[in-house]
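To start, I am sharing the structure in question, which I have written as C-alpha cells.
The values are calculated or read from the model by the stated rules, or taken from the named source; none is laboratory data. Bear in mind that the values here come from a model prediction, so they are computed numbers and not experimental data. So basically every Cβ, Gly included, is an ideal-geometry build from the backbone, and we count neighbours across all protein chains shown.
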Amino acid sequence: MPELPEVEVLARHLRPLIRGKTVRGVTIRRAKVLRPTSPRKFRQSLVDAKFTGLSRRGKYLQFQLRAKTGGKPVTLLGHLGMTGRIYLARKNACPPRHAAVVLDLGRENLIYEDTRYFGRLTLDTSAVKRLGPEPLGSAFDKTAFGRLLKRSRQAIKIKLLDQTLVAGIGNIYASEALFRARISPRLPARRLTRSQVARLWRAIRKVLAEAIECGSTVPLNFDGSRPDGLFYFGRAAGVPDYYEERLRVYDRAGRPCLDCGGLIKRIRQAGRSTFYCPHCQRA
Ligand SMILES: [Zn+2]
C-alpha cells in the first residue's frame, strides 16, 4: 500500500510531465472512485482545464488545474488506496482492464488504475482538511506530538496510523519508525516517556526521508503491475537489486534482526500486521 514516500516520489515524477497539459477528454469507467463527485460534474470541471501544478499532502496527490472558462482554479484529489496507480501512457496504447478513469491529454493519457477500487480521484477535497501535520515539515512539532500521544490509550503502532496525529504514515513506516526508535509497538501511546517521544519523532522523519531518497534514486516502474518489495511501484526492468534490506522489520518475520540477530516477529494489531524485534524493542 502506498504511503507518504511512495506518493511523494510519484508526485515528483509526474509534476514536470503533466504541467501545462490540457485535458481534452475524460473517460470514466468506474464512477465509484469519483465519489462524492458526480461523473457529470467531474467532466464539466476538467474538460479543457490545464494542469498548473501537483503537490502531495499526507498520502494524497493534489493536482492543480485552471479551468478554460473564467480561469477558475480546480483541485483534483487523488488517493491510491491499496492498489491504485496513476501514470501517463501513450495514446495508442490500449487502456488496461482496471483503468477507472482516463484523462486524454493529447498525445498521452493520464490513467488512474485500481484493481480493487478503494482509491479515489475526486473533486471533493474535504479529506485533506482533517489531516494532521506533514511529518517532514516544520509544522510537525515534537512537543505537540508528545501532547497528543499523552491523550491516547491506543498502542503506539495503532496510534501512528491516525492521520489526524501526523499525515502519511501507514503500516510499513509505522513498524519501521518504531524499530528505529527502539519502542515496542504494543506500548500504550500515553506511556511513552519524553525521550521515547523524541526518539520516535526523529525516527519518523528519518525513515520517511530515507524512503523518499531510495525511491528517487532507483528507476521505478510506475505502471508496473507487480511490486517487488523494494518500493510500492517496483523497480524498473534491468535495475540491480541494491536495496534488498531497505526495510529492516516490515515483512521480515522469522528473519534475523539486522541489529541483534534475533528473529523478527509478526503480530496482529487492530486487524493489521505489525513487524518488530522483541529484543531491540522491549521498552
Ligand atoms: Zn533486534
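I'd like the full set of residues that are out of contact with any His (no Cβ under 9 Å at 6 or more places or on another chain), within 15 Å of the ligand (Cβ to nearest atom) and either at pLDDT below 95 or on the phi < 0 side of the Ramachandran plot (or both), limited to segment 236-262.
Applying the first criterion (out of contact with any His (no Cβ under 9 Å at 6 or more places or on another chain)) to segment 236-262 yields 236-256, 258.
Adding the requirement that they be within 15 Å of the ligand (Cβ to nearest atom) leaves 245, 247-250, 252-256, 258.
Answer for segment 236-262, where residues must be out of contact with any His (no Cβ under 9 Å at 6 or more places or on another chain), within 15 Å of the ligand (Cβ to nearest atom) and either at pLDDT below 95 or on the phi < 0 side of the Ramachandran plot (or both): Glu245, Leu247, Arg248, Val249, Tyr250, Arg252, Ala253, Arg255, Pro256, Leu258.
Name every residue in segment 1-42 that is part of a loop (DSSP other than H, G, I, E, B), out of contact with any Phe, Trp or Tyr (no Cβ under 6 Å at 6 or more places or on another chain) and surrounded by 14 or more Cβ atoms within 10 Å (Cβ to Cβ), in order of residue number.
Those that are part of a loop (DSSP other than H, G, I, E, B), out of contact with any Phe, Trp or Tyr (no Cβ under 6 Å at 6 or more places or on another chain) and surrounded by 14 or more Cβ atoms within 10 Å (Cβ to Cβ): Met1, Val23, Arg29, Thr37.
Tell me, which helices (runs of 4 or more DSSP H) lie completely within segment 130-214 with 2 or more residues that are surrounded by fewer than 17 Cβ atoms within 10 Å (Cβ to Cβ) and at pLDDT 95 or above?
142-150
OK, next. Hey, can you tell me all the residues within segment 82-112 that are surrounded by 17 or more Cβ atoms within 10 Å (Cβ to Cβ) and in a loop (DSSP other than H, G, I, E, B)?
If the condition is that a residue be surrounded by 17 or more Cβ atoms within 10 Å (Cβ to Cβ) and in a loop (DSSP other than H, G, I, E, B), then Thr83, Gly84, His98, Leu105 are the ones that fit.
Can you tell me which of (1) touching a strand residue (DSSP E or B) at 6+ places or on another chain (Cβ under 7 Å); (2) modelled with pLDDT of 95 or more is the one Cys277 doesn't meet?
The single condition Cys277 does not satisfy is (1).
Quick check, is Arg57 out of contact with any strand residue (DSSP E or B) (no Cβ under 7 Å at 6 or more places or on another chain), of a type in the set (Lys, Arg) and modelled with pLDDT of 95 or more?
Details: out of contact with any strand residue (DSSP E or B) (no Cβ under 7 Å at 6 or more places or on another chain): yes; of a type in the set (Lys, Arg): yes; modelled with pLDDT of 95 or more: yes.
Against the criterion (out of contact with any strand residue (DSSP E or B) (no Cβ under 7 Å at 6 or more places or on another chain), of a type in the set (Lys, Arg) and modelled with pLDDT of 95 or more), Arg57 qualifies.
Out of the residues in segment 268-282 meeting the condition of being over 23 Å from the mean Cα position of the chain (by Cα) and surrounded by fewer than 20 Cβ atoms within 10 Å (Cβ to Cβ), tell me which one is farthest from the ligand (Cβ to nearest atom). Please lay out each step first, then the result.
Restricting attention to segment 268-282, the residues satisfying the condition of being over 23 Å from the mean Cα position of the chain (by Cα) are 277-282.
Next, from what is left, pick out any that are surrounded by fewer than 20 Cβ atoms within 10 Å (Cβ to Cβ): 278-279, 282.
Numbers: Pro278: 8, His279: 5, Arg282: 10 Å.
This residue is Arg282.
Taking Thr193 and the conditions (1) within 29 Å of Lys150 (Cβ to Cβ); (2) more than 16 Å from the ligand (Cβ to nearest atom); (3) in contact with a Lys or Arg (Cβ under 8 Å, 6 or more places away or on another chain), which numbered condition does it fall short on, given that it satisfies the others?
It is condition (3) that Thr193 fails.
Sort out which residues of segment 22-34 are more than 14 Å from Leu76 (Cβ to Cβ) and either out of contact with any helix residue (DSSP H, G or I) (no Cβ under 6 Å at 6 or more places or on another chain) or touching a residue at least 24 places away in the same chain (Cβ under 8 Å) (or both), and write them in order of number.
Let us first name the residues in segment 22-34 that are more than 14 Å from Leu76 (Cβ to Cβ), namely 24-25, 27, 29-32.
Answer for segment 22-34, where residues must be more than 14 Å from Leu76 (Cβ to Cβ) and either out of contact with any helix residue (DSSP H, G or I) (no Cβ under 6 Å at 6 or more places or on another chain) or touching a residue at least 24 places away in the same chain (Cβ under 8 Å) (or both): Arg24, Gly25, Thr27, Arg29, Arg30, Lys32.
Okay, moving on. List, please: which pairs have Cβ atoms under 8 Å, are six or more places apart or on different chains, and start with a residue in segment 200-213 that is without any contact (Cβ under 8 Å) to a residue 24 or more places away in the chain and end with one that is crowded, with 18+ Cβ neighbours inside 10 Å?
Once the first residue is without any contact (Cβ under 8 Å) to a residue 24 or more places away in the chain and sits in segment 200-213, its partners that are crowded, with 18+ Cβ neighbours inside 10 Å give Arg202/Ala181.
Yes/no matrix, rows are residues, columns are (1) closer than 21 Å to Lys32 by Cα; (2) under 12 Å from the mean Cα position of the chain (by Cα):
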| residue | (1), (2) |
| --- | --- |
| Arg57 | no, yes |
| Gln64 | no, no |
| Ala67 | no, no |
| Pro73 | no, no |
| Leu76 | yes, no |
| Leu80 | yes, yes |
| Gly84 | yes, yes |
| Tyr87 | yes, no |
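Go through (1) modelled with pLDDT under 95; (2) farther than 15 Å from Val23 by Cβ; (3) among the hydrophobic types (A, V, I, L, M, F, W, C) one by one and return the number of the condition Ala67 breaks.
Failed condition: (2).
Further, regarding this structure: Which number in (1) surrounded by fewer than 16 Cβ atoms within 10 Å (Cβ to Cβ); (2) farther than 28 Å from Gly224 by Cβ; (3) modelled with pLDDT of 95 or more marks the one condition that Ser45 misses?
(1)
A follow-up question, please. Please give the number of the condition Gly224 fails out of (1) in a helix (DSSP H, G or I); (2) more than 30 Å from Asp141 (Cβ to Cβ).
(1)
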